[in-house]
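Following: one structure in structure tokens, then a few remarks.
The values are calculated or read from the model by the stated rules, or taken from the named source; none is laboratory data. Computed from a predicted model, the values in this text were never measured in an experiment. Positions of Cβ are generated from backbone atoms using ideal geometry, with glycine treated the same way; all protein chains shown enter the neighbour counts. Note: areas computed on protein heavy atoms with side chains; ligands, DNA, RNA excluded. Shrake-Rupley method; radii C 1.70, N 1.55, O 1.52, S 1.80 Å.
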Amino acid sequence: MREDDERGGGASIPILDPHSQPRPMSARRLTLPLLALLVLTACDTPDEAPTVLASATVPEWAVDAVWYQIFPERFRNGDPSNDPTRASLETPIVPGEDWAVTPWTSDWYARTDWEREVSDNFYEPAVFFRRYGGDMQGVIDKLDYLQELGVTALYFNPVFYARSLHKYDGNTFHHIDPYFGPDPEGDFELMRQETSDPSTWQVTAADSLFFAMLDAAHARDLRVVIDGVWNHTGRNFFAFEDLAQKGAESAYADWYVVNTYEDPATDEVEFDYEGWWGAKTLPIFADNADTTDLHPGPKQYVFDATRRWMDPNGDGDPSDGVDGWRLDVAEEVPIGFWQDWNRHVRDINPDAYTVSEVWLNAQHFIREGGFSATMNYYAFAFPVKGFLVDGETSAQQFADTLDARRGVYDDATARAMQNLMDSHDTDRIASMIVNAKRRPYAALDRYDYDWGDRVAPRHDDGYLVRAPNARESDIQRLVTLFQATYVGAPMFYYGTEAGMWGADDPDDRKPMVWEDLTYDTETADPLDRPRTPDPVAFDEDLFGFYQDAIALRKMDPTFSRGTYRQVYAQGQVFAFERELEGKRYLVALNRSEQPAAFIAPVSSDDPRVRFNTGDYATTRRATIATVKEGGTEISLPGLTGAVIQL
């Protein structure tokens, strides 16, 4: 969460063109390139992945994970009967009585009458009052889709009760949002009787549905990690409401940072408190006296809520609970809290994964706090933006940055990092690429990755909102192949595999594009600029590519557990080797628009192209690998990446 949330030849293997004929849904699950890859690797893939870890904080499963991020309100509306109501919106409620849930398939930039009544500006504030009705039933309905995509671990943005669409303003940490479940009114009635004492906590219908989702996910070998926001709450959080009503006499008076209480002798509003980055909608928890920990009150509550979701029935067996946590704005919570909390988590489940949200170098924070890893913006997304997305840096600069930033972490941590390119806090990868030529940079050290005013038309009228073209999709496939083959666990934001595009918040939170729904063409523009209409539909070809890239990583542990070394970095061509127990792969990436031929200093008697992004391009482009004196010669078309088994 960020502040603005509130504010063909040689030894190559011939592979048929996946675009040569339409693929129905069932056939898409095993595309022709993937079938060839399966045949080639079936005989020599180990039955068991070798153990490489020696870390008490990194579980084995996290090293092999392929992550998928779900933003619940925008993933799938599986039960329209529980859709949010006007009364459920953030207070003060701005939209009028004609407010309604926004149709899932409507043009994102088209504005309804109630939105126009609120403001002439698309962004401020009406779009943030939109609701589309995504819920837990929608997730359950699409677990088979996620399994078929091939991902193995799900990260959910906050699922606890809150008024906002993003749920980072939690009103409780021990209940799933009632509008994600089948009986909102019944859930609210149960919740009214509760306190911070776990003995008073009920199991609501939404809670039960979440547990059912957990069971269904685990039955499909999908791990589930949820967002923990232990720094601040919403104003309707039960403890803060009590404090606001009772002042210094509240049992929760010490839970928050209160500047002044109400003076009953005056008519003025004196009650004042600290909010996250000044946002009064997000009152922050108080620290202990020496600021090394959270105050004991909220700390105990967070510990109790943590146990509730990790061991729901309290029998000491965590298999029915969540598999870990993503921790929001983690650096803003004292390190002493994290040390105790991470121990608490692993006392409940030694196999749990905890990942912090840290945007820069997280080396010391991870080690001191006891985390498994961090969201890998600094050591992955930033350099990938500079080289593969923008084409700004040289291959050697890219390679050196990767080595330097990965090298600060121990081996287990580096392999468990969430290697993401986009999320709910950034513009989508497709739109990053569409806008990749914008110069000069405002923040050169990160190539304007998620840099405030540069990543959305909300702040910059030069930002383009169109769909990517064929060339830009070629670059997206390059990025994805790198995610699938580099050190660390790849993570994909919902809808990236379906062809979604969008600027930074809120445009990165469009409703998921599904194959069984028909969407309005995107013709409107948020700034009323002229634009060419863009059809919106599930991209089966792109889905097939993502499915195959994920399968490539999963079918051989070399990509998740093998050694890594760069072997070639010249101009805009980069190649590296992954090796495990005698099996070696060369991954070659050509960011140039022009074909490239080079000799990689790696030996092979029979180099074979196992995967080639050119097979998925509009015009098929073959990669060739041949034996040469001094190494292996690779011929790569422009904007193409390939995996060669040595």
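Take the conditions among the aromatic types (F, W, Y), open to solvent by 30 Å² or more (accessible area, probe 1.4 Å) and either on the phi < 0 side of the Ramachandran plot or at pLDDT below 95 (or both) and apply them to F71. Does it pass? Judged against the criteria, F71 is not a match. Quick check on the stretch 175-193: of everything there that is over 23 Å from I226 (Cα atoms) and part of a loop (DSSP other than H, G, I, E, B), which residue is modelled with the highest pLDDT? Among residues in the stretch 175-193 that are over 23 Å from I226 (Cα atoms) and part of a loop (DSSP other than H, G, I, E, B), the one modelled with the highest pLDDT is R192. Residue count for the stretch 243-264, restricted to those that are part of a loop (DSSP other than H, G, I, E, B), of a type outside the set (A, V, I, L, M, F, W, C) and open to solvent by less than 50 Å² (accessible area, probe 1.4 Å): 2.
Does the stretch 402-413 contain any residue that is over 21 Å from E332 (Cβ atoms), in contact with a Gly (Cβ under 8 Å, 6 or more places away or on another chain) and surrounded by fewer than 18 Cβ atoms within 10 Å (Cβ to Cβ)? No, that holds for no residue. Considering the stretch 443-465, the residues that are touching a helix residue (DSSP H, G or I) at 6+ places or on another chain (Cβ under 6 Å) and surrounded by fewer than 20 Cβ atoms within 10 Å (Cβ to Cβ) include one that is nearest to F492 (Cα to Cα), namely R446. The set of residues in the stretch 284-294 that are over 25 Å from the mean Cα position of the chain (by Cα) and crowded, with 19+ Cβ neighbours inside 10 Å comprises F285, A286, D293, L294.
Do you know which of the residues in the stretch 614-633 that are assigned to a loop (DSSP other than H, G, I, E, B) and open to solvent by less than 10 Å² (accessible area, probe 1.4 Å) is farthest from F543 (Cα to Cα)? Residue satisfying both the conditions and the ranking: T623.
One residue stands out among those in the stretch 608-629 that are among the polar types (S, T, N, Q) and touching a strand residue (DSSP E or B) at 6+ places or on another chain (Cβ under 7 Å): the one that is farthest from V587 (Cα to Cα), which is T626. Screening F240 with (1) over 22 Å from the mean Cα position of the chain (by Cα); (2) open to solvent by less than 40 Å² (accessible area, probe 1.4 Å); (3) closer than 12 Å to M136 by Cβ gives one miss only, at (3).
Checking D263, D221, D183 one by one, the residue that is out of contact with any strand residue (DSSP E or B) (no Cβ under 9 Å at 6 or more places or on another chain) and at positive phi is D221 and no other. When residues in the stretch 218-228 are screened for being open to solvent by 10 Å² or more (accessible area, probe 1.4 Å), of a type outside the set (G, A, S) and not in a strand (DSSP E or B), 3 of them pass. Keeping to the stretch 603-613, report how many residues are surrounded by 21 or more Cβ atoms within 10 Å (Cβ to Cβ) and either at pLDDT below 95 or part of a loop (DSSP other than H, G, I, E, B) (or both). Looking only at that region, the number is 1. Only residues that are open to solvent by 20 Å² or more (accessible area, probe 1.4 Å) and not small (G, A, S) were counted in the stretch 304-333, giving 11. The number of residues in the stretch 361-401 that are within 19 Å of A436 (Cβ to Cβ), surrounded by 24 or more Cβ atoms within 10 Å (Cβ to Cβ), among the hydroxyl-bearing types (S, T, Y) and in contact with a helix residue (DSSP H, G or I) (Cβ under 7 Å, 6 or more places away or on another chain) comes to 0.
When restricted to residues that are within 19 Å of A162 (Cα to Cα) and assigned to a loop (DSSP other than H, G, I, E, B), the stretch 80-98 contains 10.
Conditions (1) out of contact with any Pro (no Cβ under 7 Å at 6 or more places or on another chain); (2) of a type in the set (D, E), marked per residue:
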{"residue": "E241", "(1), (2)": "yes, yes"}
{"residue": "A248", "(1), (2)": "yes, no"}
{"residue": "D272", "(1), (2)": "yes, yes"}
{"residue": "D293", "(1), (2)": "no, yes"}
{"residue": "T306", "(1), (2)": "yes, no"}
{"residue": "G321", "(1), (2)": "no, no"}
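Helices (runs of 4 or more DSSP H) fully within the stretch 111-170 that include at least 1 residues being of a type outside the set (G, A, S), open to solvent by 30 Å² or more (accessible area, probe 1.4 Å) and more than 29 Å from E515 (Cα to Cα): 113-118.
Tell me, yes or no, whether the stretch 215-227 has at least one residue that is in contact with a Pro (Cβ under 6 Å, 6 or more places away or on another chain) and of a type in the set (D, E, K, R). Yes, that holds for at least one residue. Considering A600, A596, A549, the condition of being within 28 Å of the chain's Cα centre (by Cα) and not polar (S, T, N, Q) is satisfied by A549 alone. Scanning the stretch 517-552 for residues that are assigned to a loop (DSSP other than H, G, I, E, B) and either open to solvent by less than 30 Å² (accessible area, probe 1.4 Å) or among the aliphatic types (A, V, I, L, M) (or both) yields L517, Y519, A524, D525, P526, L527, V536, A537, F538.
Restricting the stretch 634-646 to residues that are among the polar types (S, T, N, Q) and either under 14 Å from E577 (Cα atoms) or in contact with a helix residue (DSSP H, G or I) (Cβ under 6 Å, 6 or more places away or on another chain) (or both) leaves a set whose member that is least open to solvent (accessible area, probe 1.4 Å) is T640. For the stretch 588-602, filtering for residues that are buried (at least 24 other Cβ atoms within 10 Å of the Cβ) and part of a strand (DSSP E or B) leaves 4. Looking across the stretch 426-442, the residues that are in a loop (DSSP other than H, G, I, E, B) and surrounded by 18 or more Cβ atoms within 10 Å (Cβ to Cβ) come down to T426, D427, R428, N435, A436.
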